[in-house]
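What follows is a set of notes on a single structure, which appears directly below.
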Amino acid sequence: VSRRSEPDLPAIESPLTPALTVEDLEAAARERLPAMVFDYYAGGSGEEWTLRENRRAYERWVIRPRVLVDVSNVDLRATVLGEELPFPILLAPTAFQRMAHRYGEVATAGGAAALDAVMVVSTIATATLEEIAATGVRRWFQLYVLKDRDLTATLVKRAHAAGYGAVVLTVDTPLLGRRLRDERNKFSLPPGIGLANLEGSGLPESEGSGLSSFFQDRHDASLTWDDVSWLRSLSPLPLVLKGILTAEDARLAVDIGAGAIVVSNHGGRQLDGAPATLDVLPEIVEAAGGRTEVLVDGGIRRGSDVFKALALGARAVLVGRPYLWGLAVNGAEGVQQVLEILRDDLIHTMALAGRARVADIDRSAVAAAPRAPERGDDR
Ligand code: GLV
């Protein structure tokens, strides 16, 4: 969905200075979003240590540039789950996108489709799976297994029927992390916005975070590795496990035949005190031993971050908050702009580092930073 097919959209005032970075768009999004919405997207759990640690981890590595390499053509293509992607950056699942923009997930899909990027659509999206599919975006479906297993099965079958290319099971959320910002704000959905794929449900009335109550009421905290074969029986789609942080679980994921793993701490929103994803990426890549693909998310804000993650063994990365800021500021075009900022920054980094193809970004492309910031030293 481009702006051209949304003639009723009010014109967006151009910001005084064009956004050059994800942080520029975050600042603009913060200006325009209600505080409850901004806090929900931006916040983490507990004291937000893991949230900050995801960013700090990127500062603990430097890039080792090679010179006199022909970088007149930088090739970003990468293959993920057998699909050739124009660049190794996917859109992570994020919930409730109509809070950021009136067209929510449909606008995000338009921005992603313009660049042929994969969008992972959340179970708790505010547009239907079919509406999003109608944009033609490349799409995977993120699944929360609900206590209502029939409803869960229906969701997976709908996703398969609507052309989603993978089921991404989130495994780090038996219950919701304690998001103190949301508890203080008594987070709930603004009027007129609902969980579009879960018939008739908004969020329950709550003294604290309505989303936390939703998880308590509806989400199945009893899910184990034994349930995965049931899940796989629901559709022929490849299964991706999102939220793996240890070599032990990576090996179990390989054993159950996961097509891919996403090394993720849910953007610092679940277990506070969990490690930065970049810090555990190497052990997971080693444990996976090439038998399942390894992706990573958390804290990626620039091309050099993508580069470092690829050097440490990720096949591709996912970003969440960055495109939400673009969505809030400028709908589909804003999402596209964020992806272009990251993509172009990656091209720039690769050229200056003397790595013309994604496959050239190997472990020798990075080294531990000589003077890492002190642990606990917030930026
Ligand atoms: C939903 O999955 C969230 O992290 O808020």
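The values are calculated or read from the model by the stated rules, or taken from the named source; none is laboratory data. All figures in this text were calculated on a predicted structure; none of them were measured in a lab. Using ideal geometry, Cβ is built from the backbone for each residue, glycine included, and neighbour counts are taken over all protein chains shown. Accessible surface is based on the protein model in full, side chains and every heavy atom, while ligands, DNA and RNA are left aside. Shrake-Rupley method; radii C 1.70, N 1.55, O 1.52, S 1.80 Å.
Here is how the numbers come out for the structure above:
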read-out	value
Output for segment 219-237, where each listed residue is among the β-branched types (Val, Ile, Thr) and in contact (Cβ under 8 Å) with a residue 24 or more places away in the chain	228
The listed residue being in contact with a strand residue (DSSP E or B) (Cβ under 9 Å, 6 or more places away or on another chain) and at positive phi, out of 81, 85	81
Candidates 226, 217 - the one that is in a helix (DSSP H, G or I), closer than 27 Å to residue 148 by Cα, open to solvent by 20 Å² or more (accessible area, probe 1.4 Å) and out of contact with any Pro (no Cβ under 7 Å at 6 or more places or on another chain)	226
Filter result (loosely packed, with under 11 Cβ neighbours inside 10 Å and modelled with pLDDT of 95 or more) within segment 365-379	368
Filtered residues of segment 237-292 (kept if out of contact with any strand residue (DSSP E or B) (no Cβ under 8 Å at 6 or more places or on another chain), crowded, with 21+ Cβ neighbours inside 10 Å and assigned to a helix (DSSP H, G or I))	287
Pairs where the first residue, in segment 68-93, is within 16 Å of the ligand (Cβ to nearest atom) and open to solvent by less than 50 Å² (accessible area, probe 1.4 Å) and the second is among the basic types (Lys, Arg) and at pLDDT 95 or above, C-beta under 9 Å, 6+ apart	92/242; 92/321; 93/242
Options 37, 120; residue that is within 23 Å of residue 261 (Cα to Cα), within 16 Å of the ligand (Cβ to nearest atom) and open to solvent by less than 30 Å² (accessible area, probe 1.4 Å)	120
Segment 338-364, residues that are in a helix (DSSP H, G or I) and either more than 22 Å from the chain's Cα centre (by Cα) or surrounded by fewer than 15 Cβ atoms within 10 Å (Cβ to Cβ) (or both)	344, 348, 350, 351, 352, 353, 359, 360, 363, 364
Candidates 159, 114, 125, filtered to the one that is touching a Leu at 6+ places or on another chain (Cβ under 9 Å), in contact (Cβ under 8 Å) with a residue 40 or more places away in the chain and open to solvent by 10 Å² or more (accessible area, probe 1.4 Å)	114
Residue ID - nearest to the ligand (Cβ to nearest atom), chosen from residues in segment 173-188 that are assigned to a loop (DSSP other than H, G, I, E, B) and basic (Lys, Arg)	179
Number of positions in segment 270-311 that are closer than 30 Å to residue 182 by Cα and touching a residue at least 40 places away in the same chain (Cβ under 8 Å)	19
Output for segment 140-172, where each listed residue is away from the ligand (no atom under 16 Å from the Cβ), part of a helix (DSSP H, G or I) and aliphatic (A, V, I, L, M)	151, 153, 156, 159, 161
